[in-house]
């Protein structure tokens with residue numbers, strides 16, 4: 001197995017895609033970012049911004065390429081279009097690995113209105129299917145790594161396995177040894193990742209595509225070893241009501257002494273992973289390809305916490321108060337959550353604990369850029 | 001409950017859609033057919049034809065409206081486009097019921113090449129999601145009836161329930177009482193109906209939409225009581241390798257003494273329903289709306305047969321020989337199939353037996369129009 005691989009990173013300009021691109025480039029891989037910059041357009045459309053002053057894709061790649069041996073390439077195409085441009089790229093570059101971050105990834109955004117519902121479903125499903133279709137057509141032996149979400153499982157049904165469960169049913173005598181853990185998405189966005197699972201299942205079954213689906217917890221933190229190499233490489237940090245996920249939003253709120261807004265009871269338990277662990281997990285998936293006899297499903301999480309616990313911890317460190325607001329989402333007010341996550345731990349992932357680097361996140365990134373925070377975009381506007 | 005309802009029939013120009021439109025119109029409903037005539041375009045593109053000389057949509061509706069009290073309306077729009085034209089129609093007409101046949105429905109067509117894969121997925125998922133999205137946005141209490149397929153279940157796992165099974169798993173302690181029967185589609189087309197299931201599940205869960213998913217067996221036969229009212233009302237009959245489903249294809253082959261082409265062992269067992277029973281089943285679903293606490297899933301089938309049995313029976317009647325050809329599909333060479341179908345029987349469906357009307361089908365429709373058969377389109381061209 002050659003050490004340096006050709007890797008396409010779809011959605012490589014985003015919050016997880018960008019630091020993953022740098023991390024894999026640093027580890028000697030030949031990285032091509034493919035992105036239509038849709039996330040930046042959504043910021044413009046909704047007058048939101050990244051807490052951190054991110055540079056344009058061309059600027060940040062230029063800085064990276066000046067500092068590092070392995071250069072990153074960038075191609076701007078819209079993967080949701082049915083023009084088979086992506087197929088042409090695959091045929092031309094012959095990537096060993098395709099990492100697929102190229103989906104609209106905000107649950108609140110997906111629940112905003114009819115347009116965001118339609119955009120999320122059409123974009124996410126078209127992109128995923130166009131990728132699968134192109135891989136089949138290329139006849140190349142490509143490992144597809146997809147960023148899924150813990151949200152496909154739903155919450156509150158005991159231990160969550162890594163994708164599959166054995167079932168038996170007396171009346172119907174279902175004879176399959178295992179099935180994909182039944183899906184129970186909580187938003188249109190999460191539903192699209194459930195749809196992706198069905199696409200992966202069939203394309204693996206019929207065309208024997210080699211696929212890893214990483215069901216990721218809520219990602220928090222900002223910087224990775226590589227983004228810290230230069231200020232112009234800084235990663236995106238979302239804190240608004242749509243794209244700001246809970247922990248990063250709390251960190252931003254604490255920096256400006258804005259009460260930590262807990263939705264509802266705060267007894268919702270969720271799974272988390274730090275951004276540095278995210279990029280390392282993806283490298284572990286890259287270095288350890290699955291067989292093609294079934295889709296490999298991995299839970300990409302390191303810790304689980306209730307929202308109330310997180311708010312309390314951040315309140316203790318920062319002194320910022322907690323404010324309970326009416327939950328804008330349909331979700332259980334309380335759930336337990338136990339998640340199997342052996343695969344990545346067995347492959348060497350060393351979990352970064354929330355407790356150990358929280359202060360650093362608050363005191364460095366959040367306080368440094370707090371003047372950029374627009375208070376009027378913090379509260380949730382999407383309700384369901 | 002008023003007896004006459006406003007019904008939109010999406011895909012109402014097709015093989016099942018057209019006789020359903022007439023049947024519901026005959027039963028005093030106010031029917032509006034919405035169709036982009038894509039099936040007719042595919043015939044032109046692939047130089048295939050209906051065995052029966054079907055009239056243009058405007059001609060056949062004109063004849064129907066001259067003969068009958070309840071008039072049918074026709075609107076030509078492409079439901080896969082994200083232009084919300086369908087939403088405007090719903091707001092304007094306020095239908096009580098929407099019946100959704102508007103999907104590309106041939107498994108072999110969906111497996112032909114990259115273009116037919118992309119078309120099938122994008123068309124079917126966009127159409128289904130646009131319908132759901134529009135119903136939510138309209139805020140109207142509409143019952144959506146969707147034509148699913150037995151193919152979402154896969155074949156060979158004991159008794160197949162009507163949609164749901166109870167499961168228990170010791171290790172993971174999955175606590176949900178029931179789950180949707182695990183999906184196991186056998187083609188891109190069948191996969192799209194599995195994707196539809198996930199869309200229905202979520203839209204019912206979150207928006208409480210009232211949905212019936214009819215998992216239909218292979219439909220056979222041509223005419224219904226209503227299509228027989230006038231020669232210009234005649235229904236479509238497909239016999240080509242892509243759109244001709246097995247039983248109708250055998251009937252056409254027997255009429256021209258063309259050996260009955262059995263794919264592989266012939267020990268594949270499938271579920272069937274006659275076209276007259278199909279339209280009656282849909283009326284039963286119309287007259288008996290479900291609650292909105294979960295998606296109602298009904299198996300719309302009356303009999304199960306192995307392909308070899310069917311070929312033998314038709315050979316006995318017609319004297320036409322059987323020819324085994326290499327199976328162009330990936331499927332189990334042999335399976336058993338037991339299907340629960342109590343719901344429609346309990347509501348009064350009286351099954352039309354294959355054995356009782358087969359001779360009539362061969363001797364009337366097939367022999368009458370045998371000069372229209374193009375022999376060169378009978379054999380399968382899509383392989384997977």
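The values are calculated or read from the model by the stated rules, or taken from the named source; none is laboratory data. Since we're looking at a predicted model, the values are computed, not measured. Neighbour counts are summed over all protein chains in view; Cβ atoms, including those assigned to glycine, are modelled from backbone coordinates with ideal geometry.
If you check B:131, B:170, B:98 for being touching a strand residue (DSSP E or B) at 6+ places or on another chain (Cβ under 8 Å), within 14 Å of chain A (Cβ to nearest Cβ) and either farther than 30 Å from residue B:269 by Cβ or at pLDDT 95 or above (or both), only one passes: B:131.
Name the residues in segment B:9-32 that are part of a strand (DSSP E or B) and more than 16 Å from the chain's Cα centre (by Cα), would you? Selection gives B:30, B:31, B:32. Can you pull out every residue in segment B:154-169 that is under 21 Å from residue B:188 (Cβ atoms) and crowded, with 19+ Cβ neighbours inside 10 Å? Hits for segment B:154-169 are B:154, B:155.
Restricting attention to segment B:101-128, the residues that are farther than 19 Å from residue B:329 by Cα and more than 14 Å from every other protein chain (Cβ to nearest Cβ) add up to 3.
Of all residues in segment B:205-218 being over 23 Å from residue A:179 (Cα atoms) and assigned to a helix (DSSP H, G or I), which is nearest to the other protein chains (Cβ to nearest Cβ)? By that ranking, first place goes to B:206. With respect to the stated conditions, residue A:177 fails to be more than 7 Å from chain B (Cβ to nearest Cβ) and modelled with pLDDT of 90 or more. What are the residues in segment A:188-198 that are in contact (Cβ under 8 Å) with a residue 60 or more places away in the chain and facing another protein chain (nearest Cβ under 7 Å), if any? Those that are in contact (Cβ under 8 Å) with a residue 60 or more places away in the chain and facing another protein chain (nearest Cβ under 7 Å): A:191, A:195.
Out of everything in segment A:154-171 that is under 20 Å from the mean Cα position of the chain (by Cα) and assigned to a loop (DSSP other than H, G, I, E, B), what residue ends up being nearest to residue A:334 (Cα to Cα)? So, considering only residues that are under 20 Å from the mean Cα position of the chain (by Cα) and assigned to a loop (DSSP other than H, G, I, E, B), the one nearest to residue A:334 (Cα to Cα) is A:155. Taken over segment A:250-267, the criterion of being touching a strand residue (DSSP E or B) at 6+ places or on another chain (Cβ under 8 Å) and more than 16 Å from residue A:331 (Cα to Cα) is satisfied by A:250, A:251, A:253, A:254, A:259, A:260, A:261. The number of residues in segment B:66-89 being touching a residue at least 60 places away in the same chain (Cβ under 8 Å) and within 14 Å of chain A (Cβ to nearest Cβ) comes to 1. Among the residues of segment B:276-324, the ones that are at pLDDT below 95 and part of a strand (DSSP E or B) come to 0 in all.
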